[in-house]
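Chemist: Could you have a look at this structure, given as structure tokens, before my questions?
The values are calculated or read from the model by the stated rules, or taken from the named source; none is laboratory data. Owing to the predicted nature of the structure, the values given are computational and were not obtained by experimental measurement. FYI the Cβ positions are ideal-geometry reconstructions off the backbone, even for glycines, and counts take in every protein chain you see. Note: accessible area is taken over every heavy atom of the protein model, side chains too, but ligands, DNA and RNA are not part of it. Shrake-Rupley method; radii C 1.70, N 1.55, O 1.52, S 1.80 Å.
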Amino acid sequence: MRPESTPLVSPRADVMTETVEGFGTVRFTPVDPVADSAVLHSWVVQERAQFWGMNGVGRELVQEIYEDVDRRDTHHAFMVRLDDEPVALFQTYEPAEDRVSDCYAVREGDIGVHLMLAPMTGRPRPGFSRTLIGSLIRFAFRDPAVLRAVAEPDASNAKALALLNRLGFVRQGEITLPEIDLPEIYLPQKRAVLAFLDRPAVLPAAVTAVRHS
């Protein structure tokens with residue numbers, strides 16, 4: 001459940017909103033480091049989120065991390081909500097400005113993606129993952145200039161690799177992401193699986209109209 005101190009609705013404007021008949025309204029909103037830090041902290045400290053590297057950190061550090069992301073022009077974090085309930089964190093980045101560029105030849109039109117689904121509460125909802133995945137794909141490729149999505153989950157993260165398969169990503173093999181040690185950020189070396197998803201010839205259609213802002 002959402003921490004009681006966390007607002008239901010971020011004051012930030014949605015980047016994309018679509019209403020899917022029989023499912024609800026899916027909203028992509030830039031992460032507000034202050035307003036969203038409590039719910040993000042409740043997700044990243046769980047054992048299931050160990051591959052995000054924030055197990056054991058405090059809420060203040062989570063806020064600082066997303067304040068750093070918020071300052072960047074090349075990396076972006078979005079809270080995904082179904083109606084008013086946070087259901088996922090979706091991050092995008094320019095691979096040419098990321099350590100993954102040391103591991104493959106970046107193409108024009110590439111976009112990097114990271115996804116964390118919220119912990120499940122209550123009964124599983126039939127069709128939830130399939131419907132949400134459709135929204136994620138439409139969001140990632142909403143800009144016609146985006147031609148390919150790039151993912152690099154931890155090589156030992158079996159759940160993330162299974163999710164990539166459901167999304168349609170094609171694995172390219174294992175890579176080693178180099179350590180980053182800067183005053184504002186530290187990332188340890190990571191053994192990862194590189195995978196690509198080419199822009200679909202036809203994006204999966206929502207049941208009802210999509211609104212972009």
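Chemist: Take the solvent-accessible surface of the protein heavy atoms, probe 1.4 Å, and return the percent of it on the chain that carbon and sulfur atoms account for.
Modeler: Within the chain, the accessible surface is 52 percent carbon and sulfur.
Chemist: Hey, another quick one. Per residue of the range 126-142, in order, report the coupling 6.51 cos²θ - 1.76 cosθ + 1.60 (Karplus, θ = phi - 60°) as ³J(HN,Hα) in whole Hz, putting x for Gly and Pro.
Modeler: With the stated coefficients, the range 126-142 comes to x, x, 4, 4, 4, 5, 5, 4, x, 5, 4, 5, 4, 5, 4, 10, 5 Hz.
Chemist: Please name whichever of L61, T92, V34 sits farthest to the positive end of the charge dipole of the chain, dipole taken about the Cα centre and charges placed at Cβ: Lys and Arg +1, Asp and Glu -1.
Modeler: Result: T92, furthest along the dipole toward the positive end.
Chemist: Measure off 7 Å from each Cα along the Cα-to-Cβ vector at D83 and V34, then give the distance between these two points in nanometres to one decimal.
Modeler: Label at D83, label at V34, 2.9 nm between them.
Chemist: Over all pairs of distinct alpha carbons, what does the Kirkwood formula give as the hydrodynamic radius of the range 1-116, in Å?
Modeler: It is 15.2 Å.
Chemist: Further question: Which FRET efficiency, nearest 0.05, do R48 and I133 yield, Cβ-Cβ r, R0 25 Å?
Modeler: So, using R0 = 25 Å, E works out to roughly 0.85.
Chemist: Sort largest first and round to whole Å: the equivalent ellipsoid semi-axes of the range 90-174, each the square root of five times a Cα gyration tensor eigenvalue.
Modeler: Value: 24, 16, 11 Å, ordered largest first.
Chemist: When you count, for each residue, the other Cβ atoms within 10 Å and take the mean per peptide, how do 88-99, 192-203 rank with the highest first?
Modeler: Highest-to-lowest ranking by the protection proxy: 88-99, 192-203.
Chemist: Applying 1/(1 + (r/R0)^6) with R0 = 41 Å to the Cβ-Cβ distance of E179 and R142, what FRET efficiency is obtained, to the nearest 0.05?
Modeler: That pair, E179 with R142, gives E of 0.80.
Chemist: Let me ask something else. Report the label-to-label distance for E108 and E21 in nanometres (one decimal), using points 7 Å from each Cα along the Cα→Cβ vector.
Modeler: 4.1
Chemist: Under the rule a/c < 1.5 gives rounded, and otherwise a/b versus b/c splits prolate from oblate, where does the range 43-93 land using the Cα gyration tensor?
Modeler: Oblate, since a/c reaches 1.5 and b/c is not below a/b.
Chemist: Modelling each spin label as a point 7 Å along the Cα-to-Cβ direction, I'd like the N157/D198 distance in nm, to one decimal.
Modeler: Between N157 and D198, the simple spin-label model gives 2.6 nm.
Chemist: Calculate, in nm to one decimal, what T121 and Y186 gain on full extension: separation in residues at 0.36 nm each, minus their alpha carbon distance.
Modeler: Contour length minus Cα-Cα distance gives 20.2 nm.
Chemist: Per the helix-only calculation at 222 nm, which mean residue ellipticity applies to the chain, given -39500 (n - 2.57) for every DSSP H run of n ≥ 4 and division by its residues, nearest 500 deg cm²/dmol?
Modeler: -6500 deg cm²/dmol
Chemist: Next question, about the same structure. Under a 1.4 Å probe, what is the accessible area of the chain per residue, stated in Å²?
Modeler: Here the residues of the chain average 53 Å² of exposed surface.
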